[in-house]
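**Student:** The structure is given below, and queries will be raised subsequently.
The values are calculated or read from the model by the stated rules, or taken from the named source; none is laboratory data. As the structure is a prediction and not an experimental result, all values here were calculated from the model. Cβ sites come from the backbone with ideal geometry, for glycine too, and all protein chains shown count toward neighbours. Ligands, DNA and RNA are stripped out before the accessible areas are found, and what is left, the full protein with its side chains, is counted by its heavy atoms. Shrake-Rupley method; radii C 1.70, N 1.55, O 1.52, S 1.80 Å.
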Amino acid sequence: MPHFGDYQFDIYLAGLRGVVPKYPVDFAGLEQRAEAAMSPSLLRYVQGGCGDEHTQRSNAAAFRHWGIVPRMMVDCSSRDLSIDLFGMRLPTPVFMAPIGVTGLCTQDGHGDLAAARAAAETGVPLTVSTLTNDPLEHVAAGMGDTPGFFQLYTPKDRELAESLVRRAEAAGYKALIVTLDTWTTGWRPRDLNAANFPQLRGHVMANYWSDPRFRAMVGRPPEEDVPGAVKVWTETFGKVLTWADMPWLRSLTTLPIVLKGICHPDDARRAIDEGADAIYCSNHGGRQANGGLAAIDLLPPVVAAAGGTPVLFDSGVRSGSDVAKALALGAAAVGIGRPYAYGLELGGAEGAVHVLRSLLAEADLLMAVNGFVDVAALRRAGAVRIQP
Ligand code: FNR
């Protein structure tokens, strides 16, 4: 039976022919390479976060105060990392989190299509942001048999929101992920000091430009008047959602609705009462608010409050052991963010595939060595908080 961990044998065997991996297998090496490869403005946007970036550093650092207790004398020669989510059996417990500048992360400006190819090759679902360089239909078509999720930045214009959701449904996306923490942009010093915000320059607007309702709102083809179309976009971009909007959101779609940005157990309970199908515990990778708490530390109470409702998780996942810890703490599926963006930058679809395979290999090998045959076993074992 093939395992994700076999990726290491491929690497060692290639080494016998004098071949070393094209891209680093660890996050530090990956980020270092991406720093050298990316344009300064894109690097600032992807790498940067809110305020002095304490929260985003804490997100990654906090994984270090969680640990997994090894179990021995368990036959782990055969392992299963598959999960059940939204009525589907998925081969891996990870997914690509929505990243609004994915489109810009490849030299050709079609990074969303490259990410879709990476999804098709790895079986790792891609969450497609509202902000893309290619229309959501084209991105969906590139995913092969791998399911995709659509992430909605809810516009103030209800008809536009409805149109985007209808298009996502028609294109075959399997869940609607509604982001709650970004009706306006957080304070991002790196971007502010360079006065750079990609959307205002007309980037990653394909889903709006291609939308009949948005085109009607602009009144002429957006391509012919980019500043005018961007102005319309700024006016409609971010609806402040409240619980009172849940019946409307629910009425838009039969797809599972996932609320992204929930970090408080009371909000998790309320979301489920109001009809959410899943919770997505995330602090947006520390890009939106520099509140100071690491998302992984907020996951266990959210999982407890959610009862049997699935809780997706992201923010600070940098390695396969981070993936395993998040699963052990109750995540139903674990979102990979910046690492795959760096992979795209370094090698397009091939780079992202490498990043995902490396994360999965490390998670699989941790389970192999520590005595967990599947994700359920890891969850039963849990993770231990190490006292400083
Ligand atoms: C994001 N994220 C994000 N989230 C979302 O719901 N819609 C979006 O369009 C974006 N765009 C975006 C751009 C960039 C450059 C980054 C880095 C992140 C947040 C993303 O989904 C996820 O929550 C974070 O990336 C998780 O943090 P780490 O693990 O990447 O640090």
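**Student:** State the Cα centre-to-centre distance between region 71-94 and region 176-229 in whole Å.
**Tutor:** So the separation of the two Cα centres works out to 39 Å.
**Student:** Mark the label point 7 Å from the Cα of E169 along Cα→Cβ and return the residues of region 261-294 whose backbone N is within less than 20 Å of it.
**Tutor:** Of the residues in region 261-294, 274-278 have backbone N under 20 Å from the label point off E169.
**Student:** Would you mind checking which residues have amide H under 5 Å from V94's amide H? H placed 1.01 Å from N; only 5 or more apart, or other chain.
**Tutor:** V334
**Student:** State the percentage of accessible surface on the chain attributable to carbon and sulfur atoms; use a 1.4 Å probe and exclude ligands, DNA and RNA.
**Tutor:** Taking all protein chains in place, the chain shows 55 percent carbon and sulfur surface.
**Student:** Enter the Cα centre distance for the pair region 231-285 and region 107-151, rounded to the nearest angstrom.
**Tutor:** So the two Cα centres are separated by 22 Å.
**Student:** For the chain, what proportion of DSSP beta bridges, expressed in % and rounded to the nearest 5, is antiparallel? Before the final figure, lay out each step's value.
**Tutor:** On the way: 5 of 29 bridges.
Here the antiparallel bridges make up roughly 15 percent for the chain.
**Student:** Given labels modelled 7 Å from the Cα in the Cβ direction, how far is it in nm from M1 to L293?
**Tutor:** With each label point 7 Å from Cα toward Cβ, the separation is 3.9 nm.
**Student:** Length gain on complete extension for the stretch Q107 to S39, per 0.36 nm per residue less the alpha carbon to alpha carbon distance?
**Tutor:** Here the answer is 23.5 nm.
**Student:** So, in nm, how far is label R250 from label A304 when the simple model puts each one 7 Å beyond its Cα toward the Cβ?
**Tutor:** It works out to 2.7 nm between the two label points.
**Student:** In deg cm²/dmol and to the nearest 500, what is the mean residue ellipticity at 222 nm of the chain if only DSSP H runs of at least 4 residues count, each as -39500 (n - 2.57), divided by the residue total?
**Tutor:** Computed mean residue ellipticity for the chain: -13000 deg cm²/dmol.
**Student:** Taking a probe of 1.4 Å, how large is the accessible area per residue of region 67-107, in Å²?
**Tutor:** That works out to 47 Å² for each residue.
**Student:** Here's a follow-up. Just need the relative contact order of the chain here, percent rounded to a whole number, with Cα pairs under 8 Å and 6+ apart. Present the calculation step by step, with values, prior to reporting the outcome.
**Tutor:** On the way: 788 pairs, mean separation 106.6, N = 388.
Dividing the mean separation by the residue count of the chain yields 27 percent.
**Student:** Can you tell me, using C-alpha contacts under 8 Å and at least 6 residues apart, the relative contact order of region 57-207 as a whole percent?
**Tutor:** Relative contact order, region 57-207: 20 percent.
**Student:** If you don't mind, another one. Separation between the S77 and E159 pseudo-spin-labels, each 7 Å from Cα along Cα→Cβ, expressed in nm?
**Tutor:** 6.5
**Student:** Under 23 Å between alpha carbons: how many lysine pairs meet that in the chain, if sequence neighbours fewer than 8 apart on the same chain are excluded?
**Tutor:** Qualifying lysine pairs in the chain: 7.
**Student:** Short version: ³J(HN,Hα) in whole Hz for each residue of region 100-105, in order, from phi by Karplus 6.51 cos²θ - 1.76 cosθ + 1.60 (θ = phi - 60°), x for Gly and Pro, what are they?
**Tutor:** x, 10, 3, x, 8, 7
**Student:** Which loop trypsin sites (Lys or Arg not before Pro) in region 74-156, with loop taken from DSSP, have no more than 13 other Cβ atoms within 10 angstrom of their Cβ?
**Tutor:** Taking region 74-156 and a limit of 13 other Cβ atoms within 10 Å, the loop trypsin sites (Lys or Arg not before Pro) found are K156.
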